[in-house]
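**Student:** Could you have a look at this structure, given as structure tokens, before my questions?
The values are calculated or read from the model by the stated rules, or taken from the named source; none is laboratory data. Everything numeric in this text was worked out from a predicted model, so none of it was measured. Neighbour counts are summed over all protein chains in view; Cβ atoms, including those assigned to glycine, are modelled from backbone coordinates with ideal geometry. Note: areas computed on protein heavy atoms with side chains; ligands, DNA, RNA excluded. Shrake-Rupley method; radii C 1.70, N 1.55, O 1.52, S 1.80 Å.
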Amino acid sequence: MKPDLFEAPDYYHLDDLLSEEHKLVRNAARAWVKREVSPIIEEYAQRAEFPMQIINGLAEIGAFGPYIPVEYGGAGLDQISYGLIMQEIERGDSGVRSTASVQSSLVMYPIWKYGTEAQRKKYLPKLASGEWMGCFGLTEPDHGSNPGGMVTNFKDMGAHYVLNGAKMWISNAPFAQVAVVWAKDETGKIHGLLVERGMEGFSTPETHNKWSLRASATGELIFDNVKIPKENLLPNKSGLGAPLGCLDSARYGIAWGAIGAAMDCYDTALRYSKERMQFGKPIGQFQLQQKKLAEMITEITKAQLLTWRLGVLRNENKATSAQISMAKRNNVDMAINIAREARQILGGMGITGEYSIMRHSMNLESVITYEGTHDIHLLITGLDITGLNAFK
Ligand SMILES: Cc1cc2nc3c(=O)[nH]c(=O)nc-3n(C[C@H](O)[C@H](O)[C@H](O)COP(=O)(O)OP(=O)(O)OC[C@H]3O[C@@H](n4cnc5c(N)ncnc54)[C@H](O)[C@@H]3O)c2cc1C
């Protein structure tokens, strides 16, 4: 793979809207990605393997629990710093960002928000340091966009619970030490349970043959009469709103992350367009290539402003789930279109692993589907503005 020469586009001087802390956090993450992710990620993606050796580094840049309080091992940062870290990591690779998003928003967040003090103390410091990795089991083989239909269930046996069912498409499943699993009780109410590797009847087979997010490990969670201690139930929130609350936090991170992937594709295509000569001129001098590049920077700039504003609203506890859906949907769509156009600017070279664009393009096919598909987020906006529910 070519050396990482990335220069971040900032057409509307977004940096002027950031605090010194935001810039410090962002710059540290950016430098770490250049040093530790860019040189190795293409090889790991080709091999379809998550680079386990970067876990300590992810913890050090604050990617595990950026906004979790320091007393539990988190970085205690605000929502914009959290977003900027996700942007920088996904600039390197969406699969690496997915690993960090799951750990922070889908594992640490529910333990912090819905767990007991004993659960927080037991799990959060280990997850923040990367000593333990976690995963989040919501999707099932027959329930993706409609998670409320889940059939995974647990029964109260007096001294403990017994969990049965299966989850699929679970990021980090093959190596996670703890899974936050969403299952129905005997009345049909959804609760979160903490299931640890090694519990009898619990297995995590890996999913192979993915053409997307190849540097992220994906697997199933199988529960065959797994005995769960009663203290492993997350007691402070139940119902579908509990997992959806975690998804809000993760989708917000994805909105920032997608900007990172788009920035990398744009920057690569811009540099290439100035160096590649055809018909005696750099291809960047042709109007058709300028149109592509001009539209890319316009869309990136719009997404940067939308997402920064969403971060301010989240810092003020004012952001709605529908506003988060709009940003996730818009930014991932923006990034996937930019990846496609950037790939064309590189001609044949664009399909090779010498450049990051094709990997981003394939990764974004997962990002546009997980955490609510492109269609589902549109319906969430539709419901929010009309008050009419298209899901029923
Ligand atoms: C790489 C990867 C990692 C993932 N990681 C996780 C994870 O860590 N944890 C987890 O729980 N899940 C995870 N997922 C699952 C992901 O969230 C689901 O794939 C997603 O929610 C969509 O579900 P589905 O694939 O079953 O598609 P389906 O729900 O079957 O949807 C298929 C198509 O139908 C459309 N559709 C569905 N309902 C409607 C409707 N009402 N109106 C209009 N169109 C509709 C969808 O938009 C989509 O285009 C991951 C998925 C991938 C690919």
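**Student:** Roughly how many debye, to the nearest 20, is the charge dipole of the range 270-392 about its Cα centre, given +1 on each Lys and Arg Cβ, -1 on each Asp and Glu Cβ, and no other charges?
**Tutor:** It comes to approximately 300 debye.
**Student:** Follow-up. Step through the table entries K237/K302; K34/K237; K126/K230; K34/K121; K210/K292, compare each Cα-Cα distance with 31 Å, and write down the pairs that go over it.
**Tutor:** In this structure, K237/K302; K34/K237; K34/K121 lie more than 31 Å apart at Cα.
**Student:** Something else: With +1 on each Lys and Arg Cβ and -1 on each Asp and Glu Cβ, how big is the dipole of the range 78-156 about its Cα centre, in debye rounded to the nearest 20?
**Tutor:** Taking the Cα centre of the range 78-156 as origin, the dipole is about 300 debye.
**Student:** Under the classification rounded if a/c is under 1.5, otherwise prolate if a/b is larger than b/c and oblate if not, where does the range 15-153 fall, given a ≥ b ≥ c as square roots of the Cα gyration tensor eigenvalues?
**Tutor:** oblate
**Student:** Using +1 at the Cβ of each Lys and Arg and -1 at the Cβ of each Asp and Glu in the range 81-239, identify which of F136, A183, M86 lies farthest towards the dipole's positive end.
**Tutor:** Sorting the options by dipole projection puts first M86.
**Student:** Run the dipole for the chain about the Cα centre, Lys and Arg Cβ at +1, Asp and Glu Cβ at -1, nothing else charged, and hand back the magnitude in debye, nearest 20.
**Tutor:** Value, rounded to 20: 360 debye.
**Student:** Less than 15 Å Cβ to Cβ from R214, Lys/Arg counted +1 and Asp/Glu -1: what total charge do the surrounding residues give?
**Tutor:** Local charge sum for R214: -3.
**Student:** If you take the charge dipole of the chain about its Cα centre, with +1 on Lys and Arg Cβ and -1 on Asp and Glu Cβ, which of T307, A159, A100 is farthest toward its positive end?
**Tutor:** Of the candidates, T307 comes out farthest on the positive side.
**Student:** Let me ask another. In terms of solvent-accessible area of protein heavy atoms at a 1.4 angstrom probe, what is the ranking of I345, I376, highest value first?
**Tutor:** I376, I345
**Student:** Helix-only mean residue ellipticity at 222 nm, the chain, DSSP H runs n ≥ 4 weighted -39,500 (n - 2.57), per residue, nearest 500. What is it?
**Tutor:** That calculation yields -15500 deg cm²/dmol at 222 nm.
**Student:** Name the residue farthest towards the positive end of the dipole of the range 316-355 from the options V332, N317, T352, assuming +1 on Cβ of Lys and Arg, -1 on Cβ of Asp and Glu, about the Cα centre.
**Tutor:** Farthest along the dipole direction, towards plus: N317.
**Student:** Right, here's the next one. Could you tell me which of rounded, prolate or oblate describes the range 66-215, using a ≥ b ≥ c as the square roots of the eigenvalues of the alpha-carbon gyration tensor, with rounded for a/c under 1.5 and, failing that, prolate when a/b is larger than b/c and oblate otherwise?
**Tutor:** Because a/c hits 1.5 or more and a/b fails to exceed b/c, the range 66-215 counts as oblate.
**Student:** Using a 1.4 Å probe on the protein chains only, how many percent of the accessible area of the chain belongs to carbon and sulfur?
**Tutor:** Carbon-and-sulfur percentage of accessible area, whole number: 53.
**Student:** Can I get the semi-axes of the range 255-392's equivalent ellipsoid? Compute them from the C-alpha gyration tensor as square roots of 5 times the eigenvalues, in angstrom, largest first.
**Tutor:** 33, 15, 13
**Student:** Mind ranking 277-286, 204-213, 124-133, 324-333 by how tightly packed they are, going by the mean number of other C-beta atoms within 10 angstrom, highest first?
**Tutor:** Those peptides, ordered most packed to least, come out 324-333, 124-133, 204-213, 277-286.
**Student:** Okay, moving on. At 1.4 Å probe size, with every protein chain present, just tell me what the per residue accessible area of the chain comes to in Å².
**Tutor:** Spelled out: the 1.4 Å probe surface of the chain, per residue, equals 43 Å².
**Student:** Okay, moving on. Shape verdict for the chain, please, from the Cα gyration tensor: rounded (a/c under 1.5), prolate (a/b greater than b/c) or oblate.
**Tutor:** prolate
**Student:** Right, next: Which angle from 0 to 90°, rounded to the nearest 10, does the C-alpha axis of helix 287-315 make with the longest principal axis of the chain?
**Tutor:** Relative to the chain, helix 287-315 is tipped by roughly 40 degrees.
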